[in-house]
Amino acid sequence: MTAAYLFQNSTIGKTCAYFQGGDLVQNRPTNQQLRRAAGIGLGRLGVLEQLDDAKIREEIDTALNTTIQFGFATNHSLCHGALGNIELLLMAARLLNRAEDYEALERATALIVGSIEANGWISGAPLGVETPGLMTGLAGIGYELLRLAEPDQVPCVLLLAPPYSHSSG
């Protein structure tokens, strides 16, 4: 994990200038930079048990701030949409146990549900065409809505979490 983290850190400045150093480099990140911020944050949360230090936590906070500010006026897909971005907030709330993360999760959930009620499901396929797929389609939208409703029952597929085991006693 450490080698992968060091490699990714060596490329962040080249691939995601918006995220570099936690500073706002431009007024609004591109969609590609926004996806990277959420993915970087989720990845950092995924290794927090092994690599917990001030730098990791700063990167998590930068990813959270970027995603909260810009990550929910988009499609609903798990891959590069609002429901993929909300996974970062869900994991942060559960792992960091900070009131502000729970509040951000609640606000983002309300925004997404409101968008779905007003516009229907918007997939991540070109032109929002409905598709059944997990990452860009209806399966991913349904999956993440289930995860938001029952995070103790539905594992995080974006972190490749294994299924939860339930004792029968």
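The values are calculated or read from the model by the stated rules, or taken from the named source; none is laboratory data. All values derive from a computational prediction rather than experimental measurement. Backbone-built Cβ (ideal geometry, glycine too); neighbour counts: all protein chains shown. Accessible surface is based on the protein model in full, side chains and every heavy atom, while ligands, DNA and RNA are left aside. Shrake-Rupley method; radii C 1.70, N 1.55, O 1.52, S 1.80 Å.
Among the conditions (1) modelled with pLDDT of 95 or more; (2) part of a helix (DSSP H, G or I); (3) of a type in the set (S, T, N, Q), the only one that residue 9 does not satisfy is (1). In the set (1) part of a loop (DSSP other than H, G, I, E, B); (2) open to solvent by less than 90 Å² (accessible area, probe 1.4 Å), the condition left unmet by residue 118 is number (1). Annotation note: Cβ proximity below 8 Å between a residue of segment 49-67 that is touching a residue at least 60 places away in the same chain (Cβ under 8 Å) and a residue that is of a type in the set (A, V, I, L, M, F, W, C) and surrounded by fewer than 13 Cβ atoms within 10 Å (Cβ to Cβ) (sequence gap 6+ or interchain) occurs for no pair. Scanning segment 109-151 for residues that are of a type in the set (Asp, Glu) and either at positive phi or at pLDDT 95 or above (or both) yields 117, 144, 150. For segment 132-160, a residue qualifies if it is open to solvent by 40 Å² or more (accessible area, probe 1.4 Å), free of Cβ contacts under 8 Å to residues at least 24 places away in the same chain and in a loop (DSSP other than H, G, I, E, B), and the qualifying residues are 132, 150, 152, 153, 160.
Filter segment 86-108 down to residues that are of a type outside the set (D, E, K, R), closer than 22 Å to residue 160 by Cα and either modelled with pLDDT under 95 or open to solvent by 10 Å² or more (accessible area, probe 1.4 Å) (or both), then give me how many there are.
Quick first cut of segment 86-108, residues of a type outside the set (D, E, K, R) only: 86, 88-93, 95-97, 99, 102, 104-105, 108.
Checking which are closer than 22 Å to residue 160 by Cα leaves us with 86, 88-93, 95-97, 105.
In the following step, the residues that additionally are either modelled with pLDDT under 95 or open to solvent by 10 Å² or more (accessible area, probe 1.4 Å) (or both) were identified as 91, 95-97, 105.
The number of residues fulfilling the criteria is 5.
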